[in-house]
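In what follows, a single structure is set out as structure tokens and then discussed.
The values are calculated or read from the model by the stated rules, or taken from the named source; none is laboratory data. Computed from a prediction, not measured in an experiment: that's the story for all the values here. Here the Cβ positions follow ideal geometry from the backbone for every residue, glycine too, while neighbour counts run over all protein chains shown. Surface areas here come from the heavy atoms of the whole protein model, side chains and all, with no ligands, DNA or RNA. Shrake-Rupley method; radii C 1.70, N 1.55, O 1.52, S 1.80 Å.
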Protein chains: 2
Amino acid sequence: MVDPVQLSLGDAEALAAAALAHSGASDASARATAKALVAAEADGQAGHGLSRVSTYALHARCGKVDGRAVPRVEQVAAAALRVDAGHGFAYPAIDAAIAALVPLARTSGIAVAVLHRSHHFGQAGAHAERLAAAGLVGLVLGNTPKAMALWGGRRPLLGTNPLAFAAPLTDSRAPLVIDLALSVAARGKIVAAQKAGEPIPEGWAVDAAGQPTTDPSAALAGTLSPIGGAKGAALALMVEILAAAVTGSAWGWEASSFFDDQGGPPDMGQVLVALDPGPLSGGAYAQRIGVLLDAIADEPEVRLPGERRLALRARAAREGLTVPGELHAAIRALLPPA
Amino acid sequence: MVDPVQLSLGDAEALAAAALAHSGASDASARATAKALVAAEADGQAGHGLSRVSTYALHARCGKVDGRAVPRVEQVAAAALRVDAGHGFAYPAIDAAIAALVPLARTSGIAVAVLHRSHHFGQAGAHAERLAAAGLVGLVLGNTPKAMALWGGRRPLLGTNPLAFAAPLTDSRAPLVIDLALSVAARGKIVAAQKAGEPIPEGWAVDAAGQPTTDPSAALAGTLSPIGGAKGAALALMVEILAAAVTGSAWGWEASSFFDDQGGPPDMGQVLVALDPGPLSGGAYAQRIGVLLDAIADEPEVRLPGERRLALRARAAREGLTVPGELHAAIRALLPPA
């Protein structure tokens, strides 16, 4: 057991960026990627945070990611952007997409950016939140390597397929952010149970024969269960069609793993849609949101999505990050010898 | 018990349109509304079908619907349409929205139409399907009167909030259509259990104190449960913000009921988004869909969303509709004496 390490957000970003740059990423790509990973860590989304540095570095070294790729943004129609992430890290491509999408949505009322030849895109809600911080309503989704079955099927085909939504509230409040995967539980939690030798709750997964299981190894050989049965499976298929077919990217079952060095680039797709609520609502948006906030204030026990994340983010801004010792050592091991 | 009545689709449309016109709807509005209701009946969506004629007629008579409203389509930005349904029936406004949205999406890559001062919009998937039949990927959603709680809350605030998605497959296949409400079960099923004096399954609803219940009366005094717990509640909030705030319409808890003559017009909002998959995918869309269909063909037990609906539609086209005798009599009672 190694003692945890306390790092400021800036020091954590510099450490992660140095590890990625030493693994072959350009400085620009390493910085954009490190910033997104540290932001996820600060938001309490450790699964999209510093734990990814080692596999990201592995991917840059083995060629599953081109760490020197420069994303290219092409306007393919009046309100539509197609972004080639060039098999690089997703974050520089998402930065480029958002920079072009925001002004286009303001002039068009709605606009879309689709990414192809992309990679793991982390905390979907953080990208949607940037659209909302610009006064837009944002919808962000992507597919991931195979984890869930089509409804009635047994083979893992669909990803867990994160879907995020963000909407501006008032000038003094952070945007409302919804960010969820369409599986009941994250695969990472099942891997953790397997390592700990513990059973998983009923309802998280089925085995390779399609039978419910509480054995994490059987679950990992089977498929993750979607939320809400057939409805969640349908929503996961919707996200998969948007992320793979509409972007021209790989389906979940065609994609290589995010966690090892096997196969070529995963070629994931992502979709970002931004709507300008002012003209769409005829100027009523702010008043309508005020009525929602009043209704919520009447029910103190209501929890809005994202409240925990904002509290953790505020604490990280004050106190920095507490990084597990093993994780810190693993990232430092990626740096050149001092 | 009255014997069921066999009607051709054309006769069913004429009957429903006559009932609505005699209740104060314009011929154009009555025809558009009757066509949508009969199409839902043919698709096996009886809850959005002929069972609605009586309450629609009631609404036209009492002023909750202006049966003579003419929808107005305004282009508020380059790719954005705002449609004032004028407190009329939703279907003429959706027809007008789709007619303007399809060409705009083809030139813009993506376009949106938002409806306000609207009413019950029936089978959301049927509207999305029309976008897909035009070669576009469609997303259609709307809010409904209060039925579900915000997560952690006890008061019904959110609607059950239907969400539909449709995508073109191949030239010889009907589009794939996903159409679901974000509640575990439809309120209509709980009303039916109450009438039959039967309990409802666990997981459908909670009582006014927030406790799980199998008593349909307690459920109707409480709230419907969202699919997937907090995740489904978050998705319902997403749909509600899009349908109410982005369109400038009523929240679920502000809306009057679809089922009685109390209150003013419900003022519901709906959102239709259409994406052009050709340019967005760099021309890869059809190939990507082909790979999906091959994967599905490898698993004969997989059921794609909408398969049952298509089978029922084909049967109705061949055989017409079998309308329950009581329902047929109730619609005929709305007509002038012969």
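Suppose the filter is of a type in the set (S, T, N, Q), open to solvent by less than 10 Å² (accessible area, probe 1.4 Å) and assigned to a loop (DSSP other than H, G, I, E, B); does A:S249 pass it? I'd like the intermediate steps shown before the answer.
Working: of a type in the set (S, T, N, Q): yes; open to solvent by less than 10 Å² (accessible area, probe 1.4 Å): yes; assigned to a loop (DSSP other than H, G, I, E, B): yes.
So A:S249 fits the description; yes.
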Segment B:215-235 - residue that is within 24 Å of A:P226 (Cα to Cα) and open to solvent by 30 Å² or more (accessible area, probe 1.4 Å) and, of those, farthest from the other protein chains (Cβ to nearest Cβ)
B:A230
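Each row is one residue, and each column tells you yes or no for (1) open to solvent by 30 Å² or more (accessible area, probe 1.4 Å); (2) modelled with pLDDT under 95.
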residue: B:L242; (1), (2): no, no
residue: B:A245; (1), (2): no, no
residue: B:L304; (1), (2): no, yes
residue: B:E319; (1), (2): yes, no
Quick one: which of B:L293, B:L272 is open to solvent by less than 30 Å² (accessible area, probe 1.4 Å), more than 10 Å from chain A (Cβ to nearest Cβ), assigned to a helix (DSSP H, G or I) and not β-branched (V, I, T)?
B:L293
Single unsatisfied condition, A:W253 versus (1) under 17 Å from the mean Cα position of the chain (by Cα); (2) of a type outside the set (G, A, S); (3) at pLDDT 95 or above:
(1)
For segment A:208-227, what are the residues that are more than 21 Å from A:E198 (Cβ to Cβ) and either at pLDDT 95 or above or out of contact with any strand residue (DSSP E or B) (no Cβ under 9 Å at 6 or more places or on another chain) (or both)?
A:A209, A:P226, A:I227
Filtered residues of segment B:1-29 (kept if farther than 22 Å from B:G86 by Cα and not hydrophobic (A, V, I, L, M, F, W, C))
B:D3, B:P4, B:Q6, B:S8, B:G10, B:D11, B:E13
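Being farther than 15 Å from A:L235 by Cβ and crowded, with 24+ Cβ neighbours inside 10 Å is the filter here, so list the residues in segment B:139-148 that pass it. Give the derivation first.
As a first pass, look at segment B:139-148 and keep what is farther than 15 Å from A:L235 by Cβ: B:142-148.
Correct list: B:G142, B:N143, B:T144, B:A147, B:M148.
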For A:A85, indicate whether it is in the same structural domain as A:V177 (by TED's automatic domain parsing) and either open to solvent by 50 Å² or more (accessible area, probe 1.4 Å) or more than 20 Å from the chain's Cα centre (by Cα) (or both).
no
Within segment B:14-41, work out how many residues are surrounded by fewer than 21 Cβ atoms within 10 Å (Cβ to Cβ) and closer than 27 Å to B:K189 by Cβ.
1
Find the residue count for segment B:178-210, including only residues that are surrounded by fewer than 17 Cβ atoms within 10 Å (Cβ to Cβ), in a loop (DSSP other than H, G, I, E, B), in contact with a Gly (Cβ under 8 Å, 6 or more places away or on another chain) and not aliphatic (A, V, I, L, M).
1
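For B:L58, indicate whether it is in contact with a strand residue (DSSP E or B) (Cβ under 9 Å, 6 or more places away or on another chain) and open to solvent by 40 Å² or more (accessible area, probe 1.4 Å).
The answer is no for B:L58.
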Residues being more than 11 Å from chain A (Cβ to nearest Cβ) and either assigned to a strand (DSSP E or B) or among the aromatic types (F, W, Y) (or both) - total across segment B:252-269:
3
Look at segment A:105-137 and say how many of its residues are open to solvent by 10 Å² or more (accessible area, probe 1.4 Å), within 11 Å of another protein chain (Cβ to nearest Cβ), part of a helix (DSSP H, G or I) and touching a residue at least 60 places away in the same chain (Cβ under 8 Å).
1
Give the residues of segment A:157-192 that are more than 8 Å from chain B (Cβ to nearest Cβ) and touching a Phe, Trp or Tyr at 6+ places or on another chain (Cβ under 7 Å), sorted by residue number.
A:A185, A:I190
